[in-house]
Amino acid sequence: MTMIPQPRQGLRAWLLTDTPTSRTHARLSALYQSWLSFRGNQMAMFGLGILVFLVFVAAFAPLLAPHDPFTQNLLARLRPPGSAGYLLGSDSLGRDILSRLIYGSRITLYIVTLVAIVAPVVGLFVGTVAGYTGGWVDIVLMRITDIFLAFPRLVLALAFVAALGAGIENAVLAISLTAWPPYARIARAETLTMRNSDFIHAVRLQGAGPLRIIIRHIWPLCISSLVVRVTLDMAGIILAAAGLGFLGLGAQPPTPEWGAMISDGRRFILDHWWVATMPGLAIFTVSLAFNLLGDGLRDVLDPKEGSQ
Amino acid sequence: MAGIAEIRPKEGRRKSPFRAALEKAAKTIVTVVVTMLGLLFITFFIGRVMPVDPVLSIVGERASKEVYEAAYKALGLDQPLIVQFFLYIRDVVQGNFGISLRTGFPVADDIRRVFPATMELATLGTIFGVLLGVPLGVLAAVKRGTWIDQIARVIALIGYSMPVFWLGLIGLLLFYGILGWVGGPGRLDIFFQDEVPQVTGMILIDSLLDGNLEVFRNALTHIILPASLLGYYSLAYISRMTRSFMLEQLNSEYIITARVKGLSERAVIWQHAFGNIKVQLITVIALSYAGLLEGSVLTEIIFAWPGIGSYITTSLLSADMNAVMGGTVVVGLVFVLLNILAELLYQFFDPRAK
């Protein structure tokens, strides 16, 4: 930033302008400036890099995996890492661990995406309706939220899966059912600060109904704090899903879900350490990446909450 | 809450402090009762939508139609749902969670037997977490931005990102399988089993009461690994919270005043700043203790620890719904009580909250 304004050209200058020419221009410019401050955070960029890699691996799993993740080869059971053809070793049925990890990334992304869509939307709906309506609706909805918050999440998820039956979809449902209350609280708090502001009054005077006000005018302003919270929660979601998989309540064999792979390797842990270790490292890497990314996003989108 | 307060008409005269305290107590009790009713409703609901037929699991597949009908009636399943719900609440209030199909004992007795094991683990874990996490957090806040702060951050981040059951397996492999420093799974070696009389159900305390140091030492080698594992998770949380509380204090003006007065850095940090975060810390520690009760579910399975977590999950895998629901209700109750306790402690110690 020099003191004398110099004529700059190209996309960068257009994005960094002080005098946006249209609404889209202003939005893109704000987005680009957030990105610039985000880019300065090395840890967060590292996390983002890992996640981009994960998406890449999941998208091209059939091309990247050296073996079929389901083909058993009992002659090649429990090969240690580094043996010919098995970079990360093979499991008790002679399946290549690397290939299973690669295909497992799809399941991890699937679970995380579904939970990240379902839980915040439910929370957003409950929280904004409670905050905007007020009165007894607010009291009832928030009491329900508190009840769900009062339950230890993993135990509640266990009970739900017990009722619904094991499987990926039910695991997603159980995790979502236990994950929405914090979002409802955040959305409600944001709504309360907006409810009596001038722009909401203005919209109401123009004749907008409560639903339109909530969906069109309140939701968009809740998004940024929710995004931060969701990203920070992703790691917890991955760990919860892996925990359910480990208990045999998530994805069923022979699906290469990482938590289930650890549970499979548990029997051999003392003699064949790699069977359980490799999927654990994968889970750790991905949830670490989400934590780093979440921290960085929080600093950019929500400076007042930032890690001082 | 602010929104609701605005709508209500303001009361003309000030309430007496006694009445205010009474109202607050009543409010807390109502909150607990409503929350517990909600918990019970959820477990009841889960029990109802279960695909497992509770009658079949009692009378067996080959029971005649008459026997089935009789059992159906005896369980109260012919009543309307709302009546069933009230019957369920009555049973729970009386401490009756039904009979466990897996163990054949009343669920309440089973829980009474396994709960101390979880308490022992979670308590020791919290002690580790507090003893290491608080100094680490304070240090990170004081040395903010230095490599010490970075290391503290990385330690906490790893704690937030590591699957607890995996870390347990690796710990078992390393310290038991390879190094042989600690005892393996379970609470005691097999030949020490049942050697000390049960008083509290916590072996560390029971063996000390009995004066049996050999059992104490053996129990210690068994608990040290799972407890430090849980302690690590509690450390991650406590150290982060301590750091942000401390930063808030260290940035305030009274700290500058204290420094200007020429107080030693140690007095500034530990007496002035730390003195002011104690109350917040108590809340955090209570919450982390509640969190460990939950975290112990997966840990207990790895370490074959006969606590409430293993109890719920093994019952779950054998479709023993009475045991699962009973265990869930008890864990939920303890969780709620710990949360309330944290709030009460906060109000008790912090004059501003009154």
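The values are calculated or read from the model by the stated rules, or taken from the named source; none is laboratory data. Every value quoted in this text rests on a predicted model; they were computed, and no experiment measured them. Positions of Cβ are backbone-derived with ideal geometry, glycine not excepted, and every protein chain shown enters the neighbour counts. Please note that ligands, DNA and RNA were not included when accessible areas were found on the heavy atoms of the full protein model with its side chains. Shrake-Rupley method; radii C 1.70, N 1.55, O 1.52, S 1.80 Å.
Which sequence of A:Met43, B:Met202 reflects their accessible areas, 1.4 Å probe, from the largest down?
Values: A:Met43 60, B:Met202 40 Å².
Sorted descending by solvent-accessible area, the residues read A:Met43, B:Met202.
Whole number in Å², please: accessible area per residue of chain B, 1.4 Å probe, ligands, DNA and RNA not counted.
Value returned for chain B: 53 Å² of accessible area per residue.
Jot down the radius of gyration and Dmax of chain A, Cα atoms only, both in angstrom.
Rg then Dmax for chain A, in Å: 23.6, 76.
Going by amide H atoms built from the backbone, whose H comes under 5 Å of the H on B:Ile99, apart from near neighbours?
Here B:Val107 satisfy the definition.
Of all trypsin sites (Lys or Arg not before Pro) in the stretch B:231-329, which ones are in loop regions per DSSP and have a Cβ with at most 15 other Cβ atoms within 10 Å?
Loop-located and lightly packed - B:Lys261.
How large is the helix-only mean residue ellipticity at 222 nm for chain B, computed as the sum of -39500 (n - 2.57) over DSSP H runs with n ≥ 4, divided by its residue count, in deg cm²/dmol to the nearest 500?
Estimated from H runs of four or more residues: -24000 deg cm²/dmol.
For a paramagnetic label modelled at 7 Å from the Cα of B:Arg113 toward its Cβ, which residues of the stretch B:289-309 fall within the zone defined by backbone nitrogen distances under 11 Å?
Zone members listed by number: none at all.
In whole Hz, what ³J(HN,Hα) sequence does the stretch A:146-159 give by Karplus (6.51, -1.76, 1.60; θ = phi - 60°), x for Gly and Pro?
Calculated HN-Hα couplings, in order: 4, 5, 5, 5, 6, 7, x, 5, 5, 5, 5, 4, 4, 5 Hz.
Under the √(5λ) rule applied to the eigenvalues of the Cα gyration tensor, what semi-axes describe the equivalent ellipsoid of the stretch A:1-131? Give them in Å, descending. Mind showing how you got there, number by number?
Details: eigenvalues 423, 112, 28 Å².
Gyration-tensor ellipsoid for the stretch A:1-131: 46, 24, 12 Å.
What's the magnitude of the charge dipole for chain A around its Cα centre, counting Lys and Arg as +1 and Asp and Glu as -1 at the beta-carbon? Answer in Debye, nearest 20.
520
On a 0 to 90° scale, report how tilted helix A:274-301 is relative to the longest principal axis of chain A, with both axes built from alpha carbons and the result rounded to the nearest 10.
10
As a test of reading the structure, rank B:Lys73, B:Lys143 by solvent-accessible area (1.4 Å probe, protein chains only), most first.
The ordering from most to least exposed comes out as B:Lys73, B:Lys143.
With a point put 7 Å past each Cα toward its Cβ, work out how far A:Ala30 is from B:Ser244 in nm, to one decimal.
In this crude label model, A:Ala30 to B:Ser244 measures out at 2.4 nm.
In degrees between 0 and 90, to the nearest 10, how far off the longest principal axis of chain A does helix A:168-195 point, with axes built from Cα atoms?
Helix A:168-195 sits roughly 20 degrees off the main axis of chain A.
Per-residue accessible area for A:Trp14 at 1.4 Å probe radius, Å² rounded to 10?
Surface open to solvent at A:Trp14 totals about 110 Å².
What residues from the stretch B:306-336 fall in the zone where the backbone N is under 20 Å from a label point 7 Å along the Cα-to-C-beta line of B:Thr200?
Under 20 Å, as judged by backbone N against the label point of B:Thr200, lie B:306-309, B:334-335 of the stretch B:306-336.
Which of the aspartates and glutamates could a cross-linker span from B:Lys24 if the Cα-Cα distance has to be under 15 Å and same-chain partners fewer than 8 positions apart are dropped?
Within reach: B:Glu343.
For B:Glu253 paired with B:Arg266, estimate the spin-label separation in nm (one decimal), with each label point 7 Å from Cα along the Cα-to-Cβ line.
3.0
Summing both sides, how much accessible area is buried between B and A? Use a 1.4 Å probe and give Å² to the nearest 100.
4300
For chain B, what class follows from the C-alpha gyration tensor (a ≥ b ≥ c being the square roots of its eigenvalues): rounded when a/c is under 1.5, otherwise prolate if a/b is larger than b/c, else oblate?
Note, shape of chain B comes out oblate.
Would you grab the residues whose amide H sits under 5 Å from the one on A:Arg95? Only those 5+ places off in sequence or on another chain, please, with H modelled 1.01 Å from N.
Answer set, sorted by chain and number: A:Asn73.
Hey, if we sort B:His222, A:His67 by accessible area with the 1.4 Å probe, largest down, what's the order? If you can, show how the numbers build up before the last one.
Details: B:His222 5, A:His67 65 Å².
Highest to lowest solvent-accessible surface, that is A:His67, B:His222.
Taking each full run of DSSP H in chain B as one helix, which ones are at least 30 Å long along their axis (Cα atoms) and have mean Kyte-Doolittle hydropathy of at least 0.5?
B:17-49, B:107-142, B:213-250, B:274-302, B:321-349
Express in % the proportion of alpha carbon pairs of the protein assembly as shown at distances exceeding 44 Å.
29
With just the Cα atoms defining each centre, how far is the stretch A:273-300 from the stretch B:91-116? Give it in Å.
Computed from Cα coordinates, the inter-centre distance equals 39 Å.
Could you give the size of the charge dipole of chain B about its Cα centre, using +1 on the Cβ of each K and R and -1 on the Cβ of each D and E, expressed in debye and rounded to the nearest 20?
Roughly 1840 debye, rounded to the nearest 20.
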